[in-house]
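Report on the structure given below.
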Amino acid sequence: MISRTASKKLDRRIIIKAAAAAGVAQLAAPFVLTARAADTVKIGLDNPLTGTFAALGKNELIGAQLAIEQINATGGILERKVELLVEDSTSGDTATAVQKALKLIDRDKVDFLIGNINSALAQAMANTSFQKGMFQIVPGGHTDTVTGTQCHWNVFRVCNTTRMETNSVSKLLLDSYGKKWYFITTDYAFGHSLQEGFEASLKQANGTEAGADFTPLGTTDFSANLIKAQSANPDAIILLLAGDDMINCLKQAVQFGLNKKFHIAGAQQELEVNEGLPPEALFGDWVFEWYWKQPGVAHVEEFVADIRKRSGGKVPTARTWFGHAAIWTCKLAAEKAKSLEAIKLAKAMQGLILPPEVALMPNNPYYRVGDNQLMPTLFVGQSQPAPQGGDPEDLFKVTQLVKGDEAALPVDQTGCKMEWPS
Amino acid sequence: MTQLLLFNVFNGLIIGAFYALMALGLSLILNLSGVINFAHGGFMAIGGYLAYTLFSYLGFWGALIVSPFLVAIIGILIERVLIRRLYGRDPLYSLLLTFGLAFMIEDGTRFIWGAQSLPYQIPSWLAAPLSSEYFFLTGYRVFMMLLVAAAVLGLFVILNYTRLGLRIRAGTLDLETVSVLGVNVRVLRNLNFGLGIYLAGLAGVLAIGMLGLQPTIGDNLIMPSFIAIIVGGLGSLPGTLAGGLLIGVASGVTSVFFPSASEAVMYVMMAAVLIVRPRGLLGEEGRF
């Protein structure tokens, strides 16, 4: 029963093809399609469910699903039931994300398109939806171009621009830790825009860039970059990474003892990341885009309780809020426009203020006229180990609330030149 | 600059040793059974997740010892139920099977443990640098190196001084003759697969001490492992070890000058080896 056939046929070419396929495999992904009815309002969510951003995508999905339930319980959109069609965009394959967006638009005939977490994918989807004249909301892709140089009349964004994030925290970092910074930055649109933002702040404060390393997305070992950073002897090491890359880098920085020698900080930090870190790696100054612990802010406690029921007791993260706010925005726009036509929806969105039950934060967030960017509140503070006897997910201490429109560049400096259809 | 370069060479050796551990398991399975195990990264992830679960019951050391054995048992069962059926067929069949298996394992771990990264805490005395000057030599990295060295030594002893190892080596050269001599090659392939998967499981447990534990943890490490095999030479375990160390050092040194190419340099090395010496550095001519 034995055979050498397998080994005999196996040659180097097959091994090399296999290695190539291993790379391609990371791009392949399943898709999820929910059942749908003809007379419903359809919202298409094209977001990562697999790969590096799967955890973030799942949380946006949970928030979106809660919003759909809430909206349907209160009469739907324009008195029609709402259904959510979910596609896995993958975490990094632009072609797949665009293909799924086109499927949602052309075949499923969605009324609203939502996506994406990955900045590059969000921009590609935005360019596609613009060509198709489809109303789109970007829940969690941060690169500035989406509401900046490549803004479109039909594309709105819930999460902050990277410049808003860097502006909200840079003064604190400059004042507290000094003006010589070393950047370790993820090598794609999100990281690049974050670094540009910090570099602008640094230049304005006459600071020095001690060095900068761009690391490929999905980097597992940051030791070489950390060795370089240490040898540059900066005042602060600024980590502009995301997801698992941030976890890997922080864990390794702690093991190297660099947190005891330098200030380690950055712009965006997420609860999903903090939950993946051991207690000793929970440190540094960061920006959260939403935080679940906001004593005295209306409706936050109900929201947290609702999400806990749907996610096995876990609290909502900024991603959950993005998904929730994005879906609710669709309803608010449609009700204001009294229509599902993209152009009418987009017009209705100009200056639209989120009501407290959707805002779930102070300072009345609103969609800014001119670049379609939501102006929310940013939560600046420090990562912390869970307090003894406190909630195990209380991993961030908010020290400062920054209004979005104070952190954002003025519209005329964003590079956005909005062209509306005639 | 020289010091920085030296630091990165040493550091590259540490990382390379880890790649080599993964690649040795892959290579063992490839050499005897001709199976390109795409699911190797998945087995590595299972090793990490089992260690995470066992941690609460057995602590760090217990999880470190038990988890790789459990992964090996899972590997043995999978070989017996699925992979064995495809030995006589075109290698693309087993390649496709393990390809699918990799997705199933990733989704399975996501289903059981969730998509979010999980924290894994190593003993505090391991999680610190050994000296402030050579800060990249942390207790954990040195421990990892020692364990990889022990695993390589163990593998060497098994392959050279045990009956199982003798049969594996003989089977790698000529499985039909080994069978004719009365060796049960089904069992031999099964145990060899388990041994390879044990190394993947061990790599998984070690990885989560310095990386985030999430379902895709193996994805980013499987490619360097393939490259280590190709660079080192197909069919050669010492070659695989050398390949892993080489790409680790190359990646570390590249990080000094051009960090964004630290990953690409591995592929460049692979291309260069394939052009200049297609059988790999220590590969046997005509073996593959």
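The values are calculated or read from the model by the stated rules, or taken from the named source; none is laboratory data. Small disclaimer: the values here were computed from a predicted structure and weren't measured. Cβ sites come from the backbone with ideal geometry, for glycine too, and all protein chains shown count toward neighbours.
Spot the failing condition for A:ALA73; the list is (1) more than 14 Å from chain B (Cβ to nearest Cβ); (2) closer than 21 Å to A:GLY140 by Cα, and only one is missed.
For A:ALA73, the failing item is (2).
Read through the list (1) at the interface with another protein chain (Cβ under 7 Å from one of its Cβ atoms); (2) out of contact with any Asp or Glu (no Cβ under 8 Å at 6 or more places or on another chain), then give the number of the only condition that B:GLN214 fails.
Single failed check for B:GLN214: (2).
In this structure, does A:SER339 turn out to be of a type in the set (Ser, Thr, Tyr) and farther than 30 Å from B:TRP113 by Cβ?
So A:SER339 fits the description; yes.
Exactly one of these conditions fails for B:VAL268: (1) assigned to a loop (DSSP other than H, G, I, E, B); (2) more than 9 Å from chain A (Cβ to nearest Cβ). Give me its number.
(1)
Quick test for you: out of B:ILE15, B:ILE36, pick the one residue that is buried (at least 24 other Cβ atoms within 10 Å of the Cβ), of a type in the set (A, V, I, L, M) and not in a helix (DSSP H, G or I).
B:ILE36
So which of B:VAL157, B:VAL205 is part of a helix (DSSP H, G or I) and surrounded by fewer than 19 Cβ atoms within 10 Å (Cβ to Cβ)?
Going through B:VAL157, B:VAL205 in turn, the sole match is B:VAL157.
Listed here are the residues, each with its yes/no results for (1) closer than 26 Å to B:ILE208 by Cβ; (2) among the charged types (D, E, K, R).
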site	(1), (2)
A:ALA212	no, no
A:PRO216	yes, no
A:ASP221	yes, yes
A:LYS261	yes, yes
A:GLN268	yes, no
A:GLU272	yes, yes
A:LEU277	yes, no
A:PRO295	no, no
A:ARG310	no, yes
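Are there any pairs with C-beta distances below 8 angstrom linking a residue in the range A:211-234 that is touching a residue at least 24 places away in the same chain (Cβ under 8 Å) to a residue that is among the charged types (D, E, K, R) and assigned to a loop (DSSP other than H, G, I, E, B), with the two at least 6 apart or on different chains, and if so which?
Qualifying pairs under 8 Å: A:PHE214/A:ASP187; A:THR215/A:ASP187; A:PRO216/A:ASP187; A:PRO216/B:GLU263; A:LEU217/A:ASP187; A:THR219/B:GLU263.
Within the group B:GLU79, B:GLU106, which residue is within 18 Å of B:LEU191 (Cα to Cα), of a type in the set (Asp, Glu) and outside any loop (DSSP other than H, G, I, E, B)?
Sole residue among the options that is within 18 Å of B:LEU191 (Cα to Cα), of a type in the set (Asp, Glu) and outside any loop (DSSP other than H, G, I, E, B): B:GLU79.
Kindly indicate whether any position in the range B:106-120 is free of Cβ contacts under 8 Å to residues at least 12 places away in the same chain, out of contact with any Phe, Trp or Tyr (no Cβ under 6 Å at 6 or more places or on another chain) and more than 8 Å from every other protein chain (Cβ to nearest Cβ).
So far as the range B:106-120 goes, yes, one or more of its residues are free of Cβ contacts under 8 Å to residues at least 12 places away in the same chain, out of contact with any Phe, Trp or Tyr (no Cβ under 6 Å at 6 or more places or on another chain) and more than 8 Å from every other protein chain (Cβ to nearest Cβ).
Can you tell me which residue among A:LYS293, A:LYS260 is surrounded by fewer than 24 Cβ atoms within 10 Å (Cβ to Cβ), within 12 Å of chain B (Cβ to nearest Cβ) and over 24 Å from A:ALA189 (Cβ atoms)?
Of the residues listed, the single one that is surrounded by fewer than 24 Cβ atoms within 10 Å (Cβ to Cβ), within 12 Å of chain B (Cβ to nearest Cβ) and over 24 Å from A:ALA189 (Cβ atoms) is A:LYS260.
Out of B:GLY182, B:GLY194, B:GLY212, B:GLY165, report the one residue that is modelled with pLDDT of 95 or more and of a type outside the set (A, V, I, L, M).
Of B:GLY182, B:GLY194, B:GLY212, B:GLY165, the one residue that is modelled with pLDDT of 95 or more and of a type outside the set (A, V, I, L, M) is B:GLY194.
Give the residue, chosen from A:LYS403, A:LYS331, that is surrounded by 21 or more Cβ atoms within 10 Å (Cβ to Cβ), in contact with a strand residue (DSSP E or B) (Cβ under 8 Å, 6 or more places away or on another chain) and touching a residue at least 40 places away in the same chain (Cβ under 8 Å).
Step by step, each of A:LYS403, A:LYS331 is checked, and only A:LYS331 is surrounded by 21 or more Cβ atoms within 10 Å (Cβ to Cβ), in contact with a strand residue (DSSP E or B) (Cβ under 8 Å, 6 or more places away or on another chain) and touching a residue at least 40 places away in the same chain (Cβ under 8 Å).
State all residues of the range A:296-320 that are crowded, with 24+ Cβ neighbours inside 10 Å and part of a loop (DSSP other than H, G, I, E, B); if no residue qualifies, say none.
Within the range A:296-320, A:PRO316, A:THR317 qualify.
Return the total of residues in the range B:123-138 being surrounded by 13 or more Cβ atoms within 10 Å (Cβ to Cβ) and at the interface with chain A (Cβ under 8 Å from one of its Cβ atoms).
6
Out of (1) more than 8 Å from chain A (Cβ to nearest Cβ); (2) modelled with pLDDT under 90; (3) in contact with a helix residue (DSSP H, G or I) (Cβ under 8 Å, 6 or more places away or on another chain); (4) part of a loop (DSSP other than H, G, I, E, B), what's the single condition that is false for B:THR172?
(4)
Take the conditions more than 14 Å from chain B (Cβ to nearest Cβ), within 21 Å of A:GLY51 (Cα to Cα), surrounded by fewer than 24 Cβ atoms within 10 Å (Cβ to Cβ) and out of contact with any Gly (no Cβ under 9 Å at 6 or more places or on another chain) and apply them to A:ALA120. Does it pass?
For A:ALA120, the condition - more than 14 Å from chain B (Cβ to nearest Cβ), within 21 Å of A:GLY51 (Cα to Cα), surrounded by fewer than 24 Cβ atoms within 10 Å (Cβ to Cβ) and out of contact with any Gly (no Cβ under 9 Å at 6 or more places or on another chain) - is not met.
One line per residue, one yes/no per condition, for (1) under 30 Å from B:GLN116 (Cβ atoms); (2) under 14 Å from the mean Cα position of the chain (by Cα):
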| position | (1), (2) |
| --- | --- |
| B:LEU164 | no, no |
| B:GLY209 | yes, no |
| B:GLY218 | yes, yes |
| B:VAL256 | no, no |
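Check off (1) surrounded by 20 or more Cβ atoms within 10 Å (Cβ to Cβ); (2) within 14 Å of chain B (Cβ to nearest Cβ); (3) under 18 Å from the mean Cα position of the chain (by Cα) for A:LEU194 and give me the number that stays unchecked.
A:LEU194 satisfies all of (1) surrounded by 20 or more Cβ atoms within 10 Å (Cβ to Cβ); (2) within 14 Å of chain B (Cβ to nearest Cβ); (3) under 18 Å from the mean Cα position of the chain (by Cα) except (2).
From the list B:LEU191, B:LEU199, exactly one residue is touching a residue at least 40 places away in the same chain (Cβ under 8 Å) and out of contact with any Gly (no Cβ under 6 Å at 6 or more places or on another chain). Which is it?
B:LEU191
Restricting attention to the range B:87-102, report how many residues are in contact (Cβ under 8 Å) with a residue 40 or more places away in the chain and more than 9 Å from every other protein chain (Cβ to nearest Cβ).
Qualifying residue count, the range B:87-102: 2.
Could you list, in sequence order, all residues of the range B:175-201 that are out of contact with any helix residue (DSSP H, G or I) (no Cβ under 7 Å at 6 or more places or on another chain), polar (S, T, N, Q) and in a helix (DSSP H, G or I)?
B:THR177, the sole residue that qualifies.
Say whether the condition of being surrounded by fewer than 22 Cβ atoms within 10 Å (Cβ to Cβ) and within 12 Å of chain A (Cβ to nearest Cβ) is met by at least one residue in the range B:231-249.
yes
Looking at (1) charged (D, E, K, R); (2) over 26 Å from A:GLY63 (Cβ atoms); (3) touching a Gly at 6+ places or on another chain (Cβ under 9 Å), find the lone condition where A:LYS261 falls short.
The single condition A:LYS261 does not satisfy is (3).
Looking at the range A:203-220 only, could you name the residues that are over 24 Å from the mean Cα position of the chain (by Cα) and on the phi < 0 side of the Ramachandran plot?
Matches in the range A:203-220: A:LYS203, A:GLN204, A:ALA205, A:GLY207, A:THR208, A:GLU209, A:ALA210.
Taking the conditions exactly as written (surrounded by 17 or more Cβ atoms within 10 Å (Cβ to Cβ) and within 24 Å of B:ASN192 (Cβ to Cβ)), does B:ARG141 satisfy them or not?
no
In the list A:THR320, A:THR329, which residue meets the criterion of being among the β-branched types (Val, Ile, Thr) and under 24 Å from A:VAL169 (Cβ atoms)?
From the options A:THR320, A:THR329, the qualifying one is A:THR320.
Can you tell me which condition A:ALA348 does not meet? The list is (1) surrounded by fewer than 22 Cβ atoms within 10 Å (Cβ to Cβ); (2) small (Gly, Ala, Ser); (3) farther than 21 Å from A:GLY75 by Cα, and all the others hold.
Of everything listed in (1) surrounded by fewer than 22 Cβ atoms within 10 Å (Cβ to Cβ); (2) small (Gly, Ala, Ser); (3) farther than 21 Å from A:GLY75 by Cα, A:ALA348 misses just condition (3).
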